[in-house]
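Enquirer: The structure follows.
The values are calculated or read from the model by the stated rules, or taken from the named source; none is laboratory data. Keep in mind the model is a prediction, meaning the values are calculated, not measured. Cβ placement follows ideal geometry from the backbone for every residue including glycine, while neighbour counts extend to all protein chains displayed. These accessible areas exclude ligands, DNA and RNA; they are computed on the full protein's heavy atoms, side chains included. Shrake-Rupley method; radii C 1.70, N 1.55, O 1.52, S 1.80 Å.
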Amino acid sequence: MNILSTIKGSLLGLLLLAAVPVSATDLIWPIKGEIDLSSTFCDFRQLHFHGGIDLRTGGTEGRRIYAPVDGYVWRIKYSYEGYGKGLYLKDSQGFIYVFGHLSRLSEKLERTIREIQYKNEKYQFDQFFAPGDIPVSQGELVAYSGQSGYGAPHIHFERRDQDNFPLNPLTNGFPIPDTYPPQFARLELIYQDSGSVFYNGQRRLFLDPESCGEYGQFEVKPAILVRGPFGVAVKAYDKVRANGFRLNIYRARLYIDDYLYYEVTYDRYNFDQTAMVDLSYDYCLTIRNKEDWHLLFNPPGKKFDGSRSYYEKGGIFTGRTQYSYGLHRARIEIYDASGNMSELVFHFVFAPPGNFFEIEWMSDSLFYLTGSEDLNYIDLNNILIYGLGNRAGWEKMDQARIEPRGRADYRVELPTADSKMRAIRVDVEGESGWYIVDRYIPLEPDREYKYRFDYTLADGGILVDITADQKIAPVPRLDVVYEDGYISSHKAVPVSEKNFAAFYYDERIKTRIIRLDVYDDTHNIMTDSKDVNIILVGNSPGTTSLVGSEGISVTFNQTTFYSPNLIEVKSEQGQYPQSGKFLSPVYSIDPETVPLAGRLDITFRYDQEADPAKIGIYRLNSKDQWTWFDSRIDGEKISAESRVMGEFAVIEDSQAPRIKNLSPGNGKTISIGQPEIKCTISEELSGIKDDNVIRVLLDGQWLIPEYDPEIELMKTSPRGKLSPGRHELVIEAADRVGNRRVINSHFFVKK
C-alpha cells in the first residue's frame, strides 16, 4: 500500500532517474572529507553481528550525508532504540545502503516523514517506498548524522546485496587507504575435551606474542605443552591510522604443520546466521571481560558461511593417535580489508594425559621413575628433582643421583641428611623449551590432609579449584554425586605445591548432580563438600525443567543450547540495586557465559498481595541495572522468556517516570517563535517501551516526541511559528507497567 498518495503532488516536480547499472567503482563515500572508523564489519554484538561500519563524526551531530548512488528511498524507519532514525536507499541493481543514528533527514524527506507522523500521531515509523516515490541522485544530500538510537554520535553505514544480506563495505565498493597491518594482542589455547586443565588450573591458557623480525611478524616462545584436544583463539585488531580505533580484522587462517586447519572471512553474512556471532568469538571472554577473541575453530552448533574447516572437528587439534604426540608448528595469518597481513608462529608439544612418570619405591631412599612408551615421541630433554626439608625450601638434587636407565627410565637415590625430607618434586624439561612440574610426592604417609574447594561452571562442565591446608599435599580426589546415587570419582591435577584443579563433564548422564565432595585420597577422608543443583541440559528431545528450591523453575528444550551444558539454578545472597519492591529472592541461572541458541522459560511464584499490573521479571545486566522482560501472569505464577542467562528476580515497579529540566521553563518568557522544547524523562526500572507512552501537547496539538533513552532526553518543536502570548504545554510519560507522570506547564512568547 502506498501511503504517499496524499503528498505526491509535492514530488511531481522531481525528475525520475534512469535505471543505470551501478558498479562498485561508481560508488562514492556518503560523507566528504577524511574517513575515520570506530567500528567495522562483523564486530561482536551479543546475538548479532555488526552489520556495517561506523563512521566517526568527531563526537558531534549534523555531518552531511550524501547518496552514494543514483537510486531511490526504499525504507525509512524511526525508533527509540536500535538504529534510531534509519534511512535505506536502493540502487537500480538492487543493492541497499543503510544509514543509522541520524539526527534528521534532508528537508525534502523530513517534510514527508513529519506529515505522516502528524497524521498518525506517532513518532515511530517504518515504511517501504516504491521506486518512483522518492528518487535520489548520487551526491544528493539525504540526511545529517546524529546519535539517535544507541551509541555516541556516529554514522552507521551498511551496504547490502540484492538478497538484503550485509556486505563488508570496505571490500565491496568503499575501500580505505590503509598501510598498517593488523596486530596480534594475545594468543589463547582452549581445551575441548571432558577433563583436561592447563598447568594454571584453567581450561584456557593465555600467551603474549612478541614482535620479531619484520613489521607484522610475531612469535610465542618457548613451545607450549598440551595434553588434550584444543582449539585456538586470537585477540587481534586492525587500525587504519596510527592513533585510530582498534578495529575488527577481515580474515584469519590457522595452519598446523603447514596444513590449513581453519579459515574465517568477514565479507558477507546471512541474517539467518547473525546469531553465529556468539560462536565466532569466545563468548565467555567477550561477555565477562568485554574482550573480542576470534575462535579459530567451529564450536558445536556453528553454521556460518564465512568460516570453513578442512578437518572433522572444525579446526580443533584432536591428537587422536600416538603419531600426534610430539612437536608441532602452528601459524596464524590475519588480514585487514586492504590486504595487509600479519603472521604469528608458535610451537606446541602434544603429550599424553596424566603424569609423565610412574614412581616405584624400592626403599625409603631409592625409587624408579618409569615413563610410558608414548614419551618416545616427546622431545624429552631432562628431569630435575627437588627435595623439601623441614627448614629450607625446595633444593635441587645432585644430578649424579639421577641415573638414566633408558630414554624415559630413571633410577633415583635420595640423599641422607640430618633433617628428614618432607617431599620431593619431579620437573621435566623439553628440548623445545617447555617445562612442567610432573608431580609432587609427599613423604609423610601418616599425615592427614584437609582440602577446601570452590567451583564454577565453565565450558559446559564444572571447573573445581582445590586448596590444601599444608604447604605440600598429595593429589586429592573429586567425587561428583548424582541424585540416583551414582558417584563419578576423579583425581585432581597439581597446579602448585598446595593447589589443585579438576574439570568434569559427562554428557551421557542425565540425572541431577546434588553434591561435590573432595577427599584426602590417601586416607579416603572427605574434607569438604558442597550441595549443588546442577543438571545436564540440551542433550535430549522434549523439554527439561530445572527447578530451584524456593519457587523458581527454568525450562529448557532441545534447541535452547548449541551443545549439552551443565546448568545450575540457585538463590543468591548479597546487596543488589533496588529501586522497586522485590517479590522474590534473586536467582542465578549459571553460567551466563554460555551462548543460547534459543529461549529458556523462567517461572516464579510471587507475592499475591502485589498488583499484577505492576510486576515483571527482571535481569541484572553488566551495568548493574535491572532490565525488564515481557512477562506473563497465570494465577500465582509469572513467566518470561530469555535468550541470555544470569541473575533474575520478580520486582514490583510503582514509581512513575520523572520529568525534569523542562525548557522553556514554567512561566518563562521567550523571544523565539519556534523554540525547541525539551526535558529529561528518566525511568529506572521497567523503562520506556515506545512512543505510545510519551505524549507532548502544545495548546492541545500533538507534537513529535523524539526521545533518546540512553541520555534520557526528549525534544520536540512546534509545528509552526507560535503567536505571541501564553502557550499551554502538557508532557505525559508512562513506563511499561503503566505508571504515569503528567507535567502541566506554560510559557509566553514575546511580540
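Enquirer: For the range 644-688 and the range 138-191, what is the separation of their C-alpha centers, rounded to whole Å?
Expert: The distance from the Cα centre of the range 644-688 to that of the range 138-191 comes to 33 Å.
Enquirer: At a Förster radius of 51 Å, what calculated FRET efficiency corresponds to the Cβ-Cβ distance of ASN200 and LYS637, to the nearest 0.05?
Expert: 0.70
Enquirer: Would you report the distance distribution of C-alpha pairs in the range 320-448 as whole percents per 5 angstrom bin, up to the bin with the largest distance?
Expert: 2, 8, 17, 18, 15, 11, 9, 7, 4, 3, 3, 2, 1, 0, 0
Enquirer: Of all trypsin sites (Lys or Arg not before Pro) in the range 381-463, which ones are in loop regions per DSSP and have a Cβ with at most 16 other Cβ atoms within 10 Å?
Expert: Those that pass, being in a loop and sparsely packed, are ARG391, ARG407, LYS420, ARG422, ARG447, LYS450.
Enquirer: For the range 580-680, what is the convex hull volume of the alpha-carbon atoms per residue, in Å³?
Expert: Per-residue hull volume (Cα only) is 163 Å³.
Enquirer: Out of the range 307-392, which GluC sites (Glu not before Pro) are coil in DSSP terms and have no more than 13 other C-beta atoms within 10 Å?
Expert: For GluC sites (Glu not before Pro) across the range 307-392 that sit outside H, G, I, E and B with at most 13 neighbouring Cβ atoms in 10 Å, the list reads GLU312.
Enquirer: Still on this structure, I have one more. Run the 1.4 Å probe and let me know the accessible area of TYR255, rounded to the nearest 10 Å².
Expert: 40 Å²
Enquirer: With axes computed from alpha carbons, what is the tilt in degrees of helix 107-120 against the longest principal axis of the chain, rounded to the nearest 10 within 0 to 90?
Expert: 90 degrees
Enquirer: What number comes out for the charge environment of GLN655, summing +1 per Lys or Arg and -1 per Asp or Glu over other residues with Cβ under 9 Å away? Show your work: numbers first, answer last.
Expert: Values: positive: ARG658; negative: ASP653, GLU683, GLU684, ASP735.
With Lys, Arg at +1 and Asp, Glu at -1, the neighbours total -3.
Enquirer: When the scattering of the range 270-390 is computed by the Debye formula from its Cα atoms alone, each counted once and equally, what is log10 I(q)/I(0) at q = 0.09, 0.11, 0.18, 0.19 Å⁻¹?
Expert: Debye curve over Cα of the range 270-390, log10 I(q)/I(0) at q = 0.09, 0.11, 0.18, 0.19 Å⁻¹: -0.48, -0.65, -1.12, -1.19.
Enquirer: In the chain, carbon and sulfur make up what percent of the accessible area (probe 1.4 Å)? Each step should come with its number before you reach the end.
Expert: Working: 15190 of 33490 Å².
Within the chain, the accessible surface is 45 percent carbon and sulfur.
Enquirer: Mind listing which chymotrypsin sites (Phe, Trp or Tyr not before Pro) in the range 269-325 are in a DSSP loop and have 13 or fewer other Cβ atoms within 10 Å?
Expert: Loop-located and lightly packed - TYR310.
Enquirer: Additional query: Across all directions of projection, what mean area in square nanometres is found for the Cα convex hull of the range 623-677? Walk me through the intermediate numbers first.
Expert: Working: hull surface 30.9 nm².
Here the figure is 7.7 nm², rounded to one decimal.
Enquirer: A further question on this structure: In debye, nearest 20, what is the charge dipole magnitude of the chain about its Cα centre with +1 on Lys and Arg Cβ and -1 on Asp and Glu Cβ, if you could check?
Expert: For this selection, approximately 2860 debye.
Enquirer: What is the gain in length, in nm to one decimal, between GLU728 and ASN744 on full extension, counting 0.36 nm per residue of separation less the C-alpha to C-alpha distance?
Expert: On the way: separation 16, 0.36 × 16 = 5.76 nm, distance 0.76 nm.
Taking 0.36 nm per residue and subtracting the Cα distance, the gain is 5.0 nm.
Enquirer: Counting residues in the range 49-135 as N, plug N into 2.2 N^0.38 Å and put the Cα Rg over that result.
Expert: After normalising by residue count via 2.2 N^0.38 Å, the value is 1.10.
Enquirer: Round to a whole angstrom and tell me the spacing of the C-alpha centers of the range 70-93 and the range 548-624.
Expert: Answer, in whole Å: 37.
Enquirer: So what J values fall out for the range 647-652 if you push phi through Karplus, 6.51 cos²θ - 1.76 cosθ + 1.60 with θ = phi - 60°, rounded to Hz, Gly and Pro as x?
Expert: Values per residue, Gly and Pro as x: 9, 10, 7, 9, 10, 9 Hz.
Enquirer: Follow-up. Can you compute 3J(HN,Hα) from phi for each residue in the range 525-536, using the Karplus curve 6.51 cos²θ - 1.76 cosθ + 1.60 with θ = phi - 60°, rounded to whole Hz and x for Gly and Pro?
Expert: So the J values, rounded to whole Hz, are 10, 6, 10, 7, 8, 9, 6, 9, 9, 10, 9, 7.
Enquirer: Any idea of HIS50's accessible area? Nearest 10 Å², probe 1.4 Å.
Expert: HIS50 exposes around 10 Å² with every protein chain in place.
Enquirer: Give the Rg (one decimal place) followed by the Dmax (whole number) of the range 525-578, computed from C-alpha coordinates and expressed in Å.
Expert: 14.4, 44
Enquirer: Long-range amide H contacts for PHE49: which residues qualify at under 5 Å (H placed 1.01 Å from N, peptide plane, sequence gap of 5 or more or a different chain)?
Expert: Hits under the 5 Å cutoff: VAL277.
Enquirer: Which order do THR112, THR680 take when ranked by solvent-accessible area (1.4 Å probe, heavy atoms of all protein chains), largest first?
Expert: The ranking, largest first, comes out as THR680, THR112.
Enquirer: Rounded to two decimals, what is the ratio between the C-alpha radius of gyration of the range 245-332 and 2.2 N^0.38 Å?
Expert: 1.18
Enquirer: Students sometimes get this wrong: rank MET276, MET714 by accessible area, probe 1.4 Å, all chains present, largest first.
Expert: Ranked list, largest accessible area first: MET276, MET714.
Enquirer: By accessible area of protein heavy atoms, probe 1.4 Å, what ranking do SER584, SER363, SER622 get, highest first?
Expert: SER622, SER363, SER584
Enquirer: Over the heavy atoms of GLU81, what accessible area does a 1.4 Å probe trace out, to the nearest 10 Å²?
Expert: 80 Å²
Enquirer: Using a Debye calculation, one point per C-alpha and no hydration shell, please list log10 I(q)/I(0) for the range 471-581 at q = 0.11, 0.19, 0.23 Å⁻¹ in order.
Expert: Ignoring solvent entirely, the Cα scatterers give -0.49, -1.03, -1.23.
Enquirer: List every residue whose amide H lies under 5 Å from the amide H of ASP36, counting only residues 5 or more places away in sequence or on a different chain, with H placed 1.01 Å from N in the peptide plane.
Expert: Close amide H contacts, sequence-distant or interchain: ARG56.
Enquirer: If you wrap a convex hull around the alpha carbons of the chain, what volume per residue comes out, as a whole number of Å³?
Expert: Details: hull volume 156.5 nm³, N = 751.
Roughly 208 Å³ of hull volume per residue.
Enquirer: Here's something else I'd like to know. SER529: net charge of surrounding residues, Cβ under 10 Å, Lys/Arg +1, Asp/Glu -1, itself excluded?
Expert: That sum, taken over residues with Cβ under 10 Å, equals -2.
Enquirer: What are the ³J(HN,Hα) values, in whole Hz, obtained from phi via the Karplus relation 6.51 cos²θ - 1.76 cosθ + 1.60 with θ = phi - 60°, for each residue of the range 207-214 in sequence order, with x given for Gly and Pro?
Expert: Each residue of the range 207-214 in turn: 9, 9, x, 10, 6, 9, x, 6 Hz.
Enquirer: If contacts are Cα pairs under 8 angstrom and at least 6 residues apart, what is the relative contact order of the range 393-541 in percent?
Expert: Relative contact order, the range 393-541: 17 percent.
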